[in-house]
Amino acid sequence: MTDLNPAGTFSLGDRVVDRLGYGAMQLAGPGVFGPPKDRDAALAVLRDAVTAGINHIDTSDFYGPHITNQLIREALHPYPQDLTIVTKVGAIRGADASWNPAQSPRELTAAVHDNLRNLGIEVLDVVNLRVMGATHAPSEGSIAEQFAALAELRRQGLIRHLGLSNVTAAQVEEARTIAPVVCVQNHYNLAHRGDDALIDTLAGNGIAYVPYFPLGGFDRLQSATLSRVAEQLDATPMQVALAWLLKRADNLLLIPGTSSTAHLRENLAAASLLLPDGALAELGRIGDAAPL
């Protein structure tokens, strides 16, 4: 079993999770649509993740759609007591595999029930409202109606905790006036650090930040720098990128995804990867932020 404790833990409400988790999006077919090419392999990855000690899985019923949650249920139900499953609502898939907004209270309520049914549970641990602004960037605007709809489902006992995805700092504050927010899931990595101030604010409020696309948005020069540091440390670029994120702030929770058990083991090894000061300085020069 891989020891994930070097990365520490963080709380999602009353759920304590290891900071290195698993994102299930890649278990669906190409384009996150339809069934996987190898269903048995997808089930094996999920089982290996839990056996390795992962207790935080990120998913959504619009992955597939429905496919990923059905795989999670088949592989892991009944779920270990310490496993926290975080899902998201706010989109629906078209027959052409398009990603379309589904933000009305009626649509959000239907999505919550879809997640409950396909995961085979009566209460969802955490539900993120995925705001459909730009494709992978937030845009300003009130989210009060949408978040209030989820807060009502939480009041009814269908959801334990609420989070947000693809949001601005102002939207986080607006949501917190309606109900507690336990996590924010936005695009952030070594090369894409627009949320630096938000991460620090959330840390001060005990709120987790969950970055997606840990290698997304790198240009050729930045990728070359990352690869050079990885070679120096006898690690992969992905491992270095994950290790840097774990170093960035204690409230960062990582959810790297894969459909390969070998790749899963590589990702988990990032929890034990130490970044020397020289490597941190070189990595700090990637992007616009000052080095840590």
*Of the residues that sit in the stretch 211-225 and are closer than 16 Å to Leu246 by Cα and either touching a Pro at 6+ places or on another chain (Cβ under 8 Å) or of a type in the set (Val, Ile, Thr) (or both), which one is least open to solvent (accessible area, probe 1.4 Å)?*
Pro214
*asked:* Criterion first (touching a residue at least 24 places away in the same chain (Cβ under 8 Å), aromatic (Phe, Trp, Tyr) and more than 22 Å from Tyr212 (Cα to Cα)) does Tyr79 satisfy it?
replied: yes
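Here's the yes/no breakdown for (1) touching a Ser or Thr at 6+ places or on another chain (Cβ under 9 Å); (2) modelled with pLDDT under 95; (3) of a type in the set (Val, Ile, Thr); (4) under 30 Å from Ile72 (Cα atoms):
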site	(1), (2), (3), (4)
Asp219	no, yes, no, no
Glu231	no, no, no, no
Trp244	no, no, no, yes
Pro256	no, no, no, yes
Ser260	no, yes, no, yes
Leu275	no, no, no, no
Leu292	no, yes, no, no
_Give me the strands (runs of 3 or more DSSP E) completely within the stretch 1-93, filtered to those with at least 3 residues that are crowded, with 23+ Cβ neighbours inside 10 Å, ordered by residue number._
56-58, 84-89
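Provide a single number: the residues in the stretch 190-217 that are free of Cβ contacts under 8 Å to residues at least 60 places away in the same chain and within 20 Å of Ile255 (Cβ to Cβ).
Of the residues in the stretch 190-217, 12 are free of Cβ contacts under 8 Å to residues at least 60 places away in the same chain and within 20 Å of Ile255 (Cβ to Cβ).
The values are calculated or read from the model by the stated rules, or taken from the named source; none is laboratory data. Owing to the predicted nature of the structure, the values given are computational and were not obtained by experimental measurement. Don't worry about glycine lacking a Cβ; one is built from the backbone with ideal geometry, like all the others, and counts go over all protein chains shown. Accessible surface areas use protein heavy atoms only, side chains included; no ligands, DNA or RNA. Shrake-Rupley method; radii C 1.70, N 1.55, O 1.52, S 1.80 Å.
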